[in-house]
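As structure tokens, the structure follows; a few thoughts come after it.
The values are calculated or read from the model by the stated rules, or taken from the named source; none is laboratory data. These numbers were taken from a predicted model, which means no experiment stands behind them. Methodologically, a virtual Cβ is constructed for each residue, glycine included, from the backbone with ideal geometry; neighbour enumeration extends over all protein chains shown. Side chains are part of the model used for accessible areas, which takes the heavy atoms of the whole protein and leaves out ligands, DNA and RNA. Shrake-Rupley method; radii C 1.70, N 1.55, O 1.52, S 1.80 Å.
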Amino acid sequence: MTAYIVRRLLATIPVMAVVALFVFFLLHLTPGDPAAVIAGDDATPAEIEGVRHKLGLDRPIYEQFGIYVGNLLRGELGTSIFSNLPVIALVKQRLEPSVVLAVSTLLVAVVFAIPMGVIAAWKARTAIDRIVMGFSVLGFAVPVFLVGYLLIYLFAIELRWLPVQGYKPLAQGVGQTLRSVVLPAFALGMVYMALIARITRASVLEVLSEDYIRTAHAKGVATRSVLLRHALKNAAVPIVTVIGIGFALLISGVVITETVFNIPGLGRLTVDAILKRDYPIIQGLIILFAAVKVIVNLMIDISYTFFDPRIRY
Amino acid sequence: MATVPDAAVPVAAARREGVLAWMARNPTIVLGSAILVLLAIAAVLAPWLADDPLSFEPINRLKRPSETFWFGTDQFGRDVYSRVVYGARISLVVGICVAALATALGLALGILCGYYRRVDAILMRVMDGMMAIPSILLAIALITLMKASLFIVIVAITIPEIPRVVRLVRSVVLSVRAQPYIEAAVASGTRGMRIMVRHILPNTIAPLIVQATYVCASAILTEAGLSFLGAGTPPEIPSWGNVISIGRTFFQIAPWIIFFPGVFLAITVLAINLVGDGLRDTLDPRIARRM
């Protein structure tokens, strides 16, 4: 087991190296002069030179690469062109809302989608199953901003139950924070719920046709227990896998959801960076998000042994 | 995704049992295609169906949906209906171009990977790295570095879609390569190129068609998302994402600016997914039986 974890940890190194290389060469291989594009249409030649200097584009390419790799290894993600602050510092300021949003979304999705999937599988080919599957097909199609604005309209403007937009930090009370992330978490959770419900249904349905399920029924185990203890537990591996795959959706979704709900998190940092064309911030965020994704996938791989003791490494 | 049935199965089946019977058995494909055909007609006939999407009349700012302005107007007094009809052009063009480019490039790379071990080792590491980057951020990075244009948007959305196509094609190639008839072809001296084109390529077509529909749907959503964030199609082009982005500021008093393009976007993606799901079920009955 330990050997496996070490091996998997080592395997993340080439992935992150490719990400780092990719991000570096993106700046150098794009056609045109990135310094001129980043400085904007109204920039004077001096301003363009300033941007070029800040990005280090005026140095020889091997030197730039050396500095870039050295910074990354020391855990430095670069410096913003406009505010001159290190990207890490900017990320730290904006981290809390995004993490709270991502975790609540994950919870909302899992808590709603898994029971939906299990019930749909149990009542396969009935009206309940059709409704769940219909919801799942719809969930994939409806963009997060449409769900977001519909939820705001219904629950914040018409019913006035929840705040329209914005985020209350945890320091001001957990209750207020939760109130401010309910709508964004549901809006963002929709795709996720669709994905998890669909895979839960398919995977539970497959397990339900196994002999040991029939045995469990025959020896008089209650249906609830058959579904949860026998079926769901054995169907867990594909479900956990899809939660990992969906994590990518979650990251992209966070950026859009934060814009819809005016949440000052990493997504807003990204959008502000787009508007100012602050490439180092975007570059740093890519490396950061990729690292998070790689770590999540690693944890999921390791969790398989917990759900299915037959899997040994 | 192991062995793959002939791509011509649905066509042959349709010929045998008659088109109507085939349509009755595949309601999702028919419904999805019908919606897409209507949208495509609207996109092509936009100049006749709608007014100039760019003309603005400040007197008619933020008008509710009415008989003159079916979908209302935005804060510049532009007709949201006209902008939505013209927006269908952008969404369909982006969806189709990205699907075509990503499948073509993914197919070429995937076949190389599946066939040449050495290429495989390097290319798959690159693909793993690319897949670790959230697609919307990769697109944002590309767009930040280049002057905004529809072409750049298409390229930026295509690149992150490629790795998944490569993986799919590669898995098909690897499983087909292990078949005895490939061994026989190699033994009888058939050249590598010919084996790829004549024996391996046809097997990838069915899963590729299904994958292309999903790439198309995802590209349309990504374009809208990028435009919504201000990193997509240049704002002077009326795309659904741009219309929604404009509506953000006045959302509380003029929700229709966001609502109509949003619903069109959802219906389009839904229709494409219906076609995709339907094709997946007919082209690969093994999965269909399980679902």
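Do any helices (runs of 4 or more DSSP H) lying entirely in segment B:149-239 carry at least 1 residues that are touching a residue at least 40 places away in the same chain (Cβ under 8 Å), and which ones are they?
B:150-177, B:201-229
Report, ordered by the first and then the second residue, all pairs with beta carbons closer than 8 Å, sequence separation of six or more or different chains, a first member in segment A:154-167 that is on the phi > 0 side of the Ramachandran plot, and a second member that is surrounded by fewer than 16 Cβ atoms within 10 Å (Cβ to Cβ) and assigned to a loop (DSSP other than H, G, I, E, B).
Taking only residues 6 or more apart or on different chains, the pairs are A:G166/A:N262.
Looking at (1) on the phi > 0 side of the Ramachandran plot; (2) away from chain B (no Cβ under 13 Å); (3) among the small types (G, A, S), which is the only condition A:S83 fails?
Condition (1) is where A:S83 drops out.
Give all pairs with beta carbons closer than 7 Å in which a residue from segment A:112-141 that is away from chain B (no Cβ under 14 Å) meets a residue that is surrounded by 15 or more Cβ atoms within 10 Å (Cβ to Cβ) and polar (S, T, N, Q); count only pairs at least 6 apart in sequence or on separate chains.
Listed by first residue and then by second, the contacts come to A:A113/A:T200; A:I114/A:T200; A:V118/A:T200.
Return the residues of segment A:12-47 that are under 15 Å from B:A132 (Cβ atoms), within 10 Å of another protein chain (Cβ to nearest Cβ) and open to solvent by 60 Å² or more (accessible area, probe 1.4 Å); say none if nothing qualifies.
A:L21
Among helices (runs of 4 or more DSSP H) lying entirely in segment A:1-111, which contain 2 or more residues that are hydroxyl-bearing (S, T, Y) and out of contact with any His (no Cβ under 6 Å at 6 or more places or on another chain)?
A:2-29, A:61-73
Only one of these conditions is not met by B:E161: (1) open to solvent by 40 Å² or more (accessible area, probe 1.4 Å); (2) over 21 Å from A:K276 (Cα atoms). Which number is it?
Single failed check for B:E161: (1).
Could you grab me the full set of residues in segment B:69-90 that are in contact with a Pro (Cβ under 6 Å, 6 or more places away or on another chain), open to solvent by less than 30 Å² (accessible area, probe 1.4 Å) and assigned to a helix (DSSP H, G or I)?
Those that are in contact with a Pro (Cβ under 6 Å, 6 or more places away or on another chain), open to solvent by less than 30 Å² (accessible area, probe 1.4 Å) and assigned to a helix (DSSP H, G or I): B:S82, B:R83, B:V84, B:G87.
Can you tell me how many residues within segment B:91-137 are within 11 Å of another protein chain (Cβ to nearest Cβ), open to solvent by less than 20 Å² (accessible area, probe 1.4 Å), part of a helix (DSSP H, G or I) and not hydrophobic (A, V, I, L, M, F, W, C)?
1
So in segment A:260-283, with the set limited to residues that are free of Cβ contacts under 8 Å to residues at least 40 places away in the same chain and surrounded by fewer than 24 Cβ atoms within 10 Å (Cβ to Cβ), which one is nearest to A:L26 (Cα to Cα)?
Selected residue: A:I274.
Looking only at segment B:240-253, count how many residues are more than 10 Å from chain A (Cβ to nearest Cβ) and either touching an Asp or Glu at 6+ places or on another chain (Cβ under 7 Å) or without any contact (Cβ under 8 Å) to a residue 12 or more places away in the chain (or both).
Number satisfying all stated conditions: 1.
Pull up segment B:227-239, narrow it to residues that are open to solvent by less than 10 Å² (accessible area, probe 1.4 Å) and at the interface with another protein chain (Cβ under 9 Å from one of its Cβ atoms), then point me to the one that is nearest to A:L269 (Cα to Cα).
Among those that are open to solvent by less than 10 Å² (accessible area, probe 1.4 Å) and at the interface with another protein chain (Cβ under 9 Å from one of its Cβ atoms), it is B:L229.
When only residues in segment A:300-313 that are in contact (Cβ under 8 Å) with a residue 24 or more places away in the chain and of a type in the set (A, V, I, L, M, F, W, C) count, which is most open to solvent (accessible area, probe 1.4 Å)?
The qualifying residue most open to solvent (accessible area, probe 1.4 Å) is A:F307.
Given (1) within 31 Å of the chain's Cα centre (by Cα); (2) of a type in the set (V, I, T); (3) loosely packed, with under 15 Cβ neighbours inside 10 Å; (4) more than 17 Å from A:G284 (Cβ to Cβ), identify the lone condition not met by A:I61.
With respect to (1) within 31 Å of the chain's Cα centre (by Cα); (2) of a type in the set (V, I, T); (3) loosely packed, with under 15 Cβ neighbours inside 10 Å; (4) more than 17 Å from A:G284 (Cβ to Cβ), A:I61 is out only on (1).
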